[in-house]
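Bear in mind that the values in this text are calculations on the coordinates, not laboratory data. For clarity, every value in this text was computed on a predicted model and none was experimentally measured. A quick note on method: Cβ atoms are made from the backbone with ideal geometry, for glycine too, and the neighbour counts reach across all protein chains shown.
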Amino acid sequence: MGAVNTTSLPAGNTRNLHRFANPGQFLRLSGKILPPIAAISIILASVGLIWGLFFAPSDWQQHDAVRIMYVHVPAAWLASFGYFSLALASASSLIWRHPLADLAAVEIAPVGAAFTAICLVTGSLWGKPMWGAWWVWDARMTSVLVLFFLYLGHIALVRAFDDPQRGYRAGAILALVGVVNLPIIKFSVEWWNTLHQPASITLTGAPTMAPSMLWPLALAALGGSFGFSALVLARLRAAVMERRIRALTLAQIRTGA
Amino acid sequence: MTHLPYIAASYGLTLAVVLWLGIGAWQRTSRARVKLAQIDPRGDVR
Amino acid sequence: MKRKHQRMLLVGGCVLGLSVATILVFQAFRSTGELFVIPSKIAAVAPKNGRAFRLGGMVEQGSLQRLQDGTHPTVSFRVSDGIASETVTYVGILPDLFREGQGVVALGKLASDGSFVAQEVLAKHDENYMPPDMADELKKTGWNPNKGSPPAAALWNAPKVSG
């Protein structure tokens, strides 16, 4: 039986092999699914955003400024979902020591930070003409700014150690600690009085948004989610290849010396 | 359109950031692929 | 117990403990998260010694008066929370969304006569989004935007079953 050799290895050895596993299988699989994910993302997001920008009706009181919603709201959702996926990757790194989890966390954080930045800036661009202020320190805006700094903190922390493993571990702990911010963001508009309005789309009631606006928003959000996944997957592929390059270069130096 | 500058800035910024991320990831992948093709004895990594 | 399970318990326990601690801290300092003071709470909550604070509520129907203070546009209106209301005066340009029936958040100070002198007025919009024709339909059924937000969404936005 061909499997006997590998199964008879001691446990410590399999863990090592697991950690530096041949990346070929991940790269082959992800290389197959990345193009369709990217294509779906581009199609859905384009349709949603063009629909929202040119064809969806204006709002009865906000007029055309409401169109900022079609970029702001998906960015806001993905800022939170991105952090949730960062926390999941961190948990699977700490608990199951999954070999890809650390790299995934490192690659999720910058994409999440970028989407959070989009959310903050478009929110500001929406707030100025509607509310009359670029920024107010209410609970919603402050908690999303904290989310942005959590992402930035993670980006800095994983690169702050000479030993990458220690950086991964510190980053994973930060990511899990920061998870408490997610319910605070979600419920900030209910727990405190804020300038930001409560959610229009809830699990419990009818959406307080006309269907003619809900459809383009749903498409933009779905396209954004596929886009987020495609960006993370592409970066993860690059990171896996770069890790293999480092390992091979090190091996060459060792055997050459 | 009323408030056109704010709307244009929002969409423009979003597009710019996403394009920047996408092109960055693509360049990183192709750089790594070229390098790997030179040094990987196993080859066959796409 | 396997080490994997130990780590799982450790991570889960830490996240749980941290969440509980955070919630307790927020409960203890609930009021610090509030952006504004509502009219009925001014006596209890608002700073006394002439310090600035934010007042929030809805612009009362029929209370908006546009005055002219020399060359400056001046407005006076009442902000209500349904229980109490507070007179606000403001010199300056109001945001586009400002109208009667709209939520507002004003930054300013209490004057000696007990009224609120605002230095900044922000408009707060609600979570309802609808095209103008839908708003017109709702107005026909008796909704007056100057009195407040539209009726519950289930009444105007529930999926219609035809036939």
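Charge dipole of the protein assembly as shown (Cα centre as origin; +1 on each Lys and Arg Cβ, -1 on each Asp and Glu Cβ, all else neutral): 2500 debye, rounded to the nearest 20.
Per-residue ellipticity at 222 nm from helix content only, as computed over chain A with -39500 (n - 2.57) for each DSSP H run of at least four residues, stands at -25500 deg cm²/dmol. Based on Cα contacts under 8 Å between residues 6+ apart, segment A:45-178 shows a relative contact order of 26 percent. Bridgeable aspartates and glutamates around C:K109 (alpha carbons under 15 Å apart, same-chain partners fewer than 8 residues away excluded): C:E86, C:E120. Placing unit charges on the Cβ atoms only, positive for Lys and Arg and negative for Asp and Glu, gives segment C:21-124 a dipole magnitude near 280 debye about its Cα centre.
Please express the shape of chain A as an equivalent ellipsoid: the semi-axes are the square roots of 5 times the eigenvalues of the C-alpha gyration tensor, given largest first in whole angstrom.
41, 21, 16
The distance linking segment C:97-128 with segment C:62-92 is 8 Å (Cα centroid to Cα centroid, whole angstrom). Taking a straight Cα-Cα cut-off under 24 Å and skipping sequence neighbours fewer than 8 places away in the same chain, the lysines within cross-link reach of C:K140 are C:K160.
The calculated 222 nm mean residue ellipticity attributable to helices in chain C amounts to -8000 deg cm²/dmol, summing -39500 (n - 2.57) over DSSP H runs of n ≥ 4 and dividing by all residues.
Placing unit charges on each Cβ (+1 for Lys and Arg, -1 for Asp and Glu) gives segment C:34-124 a dipole about its Cα centre, and among C:G50, C:S115, C:Y90 the Cα reaching farthest toward its positive end belongs to C:G50. Report the Cα centroid-to-centroid distance between segment A:202-223 and segment A:102-133 in angstrom, as an integer. Here the two parts' Cα centres lie 20 Å apart. Since only A:T194, A:P211, A:S143 are under comparison, the one whose Cα sits farthest along the positive direction of the charge dipole of segment A:125-257, derived from C-beta charges on Lys, Arg, Asp and Glu, is A:S143. Students often forget the sequence filter, so: which lysines lie under 29 Å Cα-Cα from A:K32 once same-chain residues fewer than 8 apart are removed? Counting by Cα, and skipping residues close in sequence, A:K32 has these lysines nearby: B:K35.
Determine the dipole magnitude for chain A: charges of +1 sit on the beta-carbon of Lys and Arg, -1 on that of Asp and Glu, nothing else is charged, the reference point is the Cα centre, and the result goes in debye to the nearest 20.
Result for chain A is approximately 980 debye, rounded to the nearest 20.
Each residue, A:A170 and A:I50, gets one label point 7 Å from its Cα in the Cβ direction; the gap between the two is 4.7 nm. Note: relative contact order over chain C, using C-alpha pairs below 8 Å and six or more positions apart, is 17 percent.
The amide H of A:A206, built 1.01 Å from its N in the peptide plane, has C:A154 as neighbours under 5 Å, considering only residues 5 or more places off or on other chains. Note on segment C:98-160: Rg/Rh from Cα positions, Kirkwood definition for Rh, rounded to two decimals, is 1.15.
Across the alpha-carbon set of the protein assembly as shown, the Rg to Rh ratio works out to 1.06, Rh being the Kirkwood radius.
Any idea which of A:W134, A:I173, A:V121 is furthest toward the positive side of the dipole for segment A:97-184, if Lys and Arg beta-carbons carry +1 and Asp and Glu beta-carbons -1? Projecting each Cα onto the dipole axis, the largest value belongs to A:W134.
When you restrict to C-alpha pairs under 8 Å that are six or more residues apart and normalise by the size of segment A:120-257, the relative contact order lands at 18 percent. Computed from phi, the 3J(HN,Hα) profile of segment A:84-93 under the Karplus parametrisation 6.51, -1.76, 1.60 (θ = phi - 60°) reads 4, 5, 4, 5, 4, 4, 5, 5, 6, 6 Hz, with x in place of Gly and Pro. Within chain C, the proportion of C-alpha pairs whose separation exceeds 18 Å stands at 69%.
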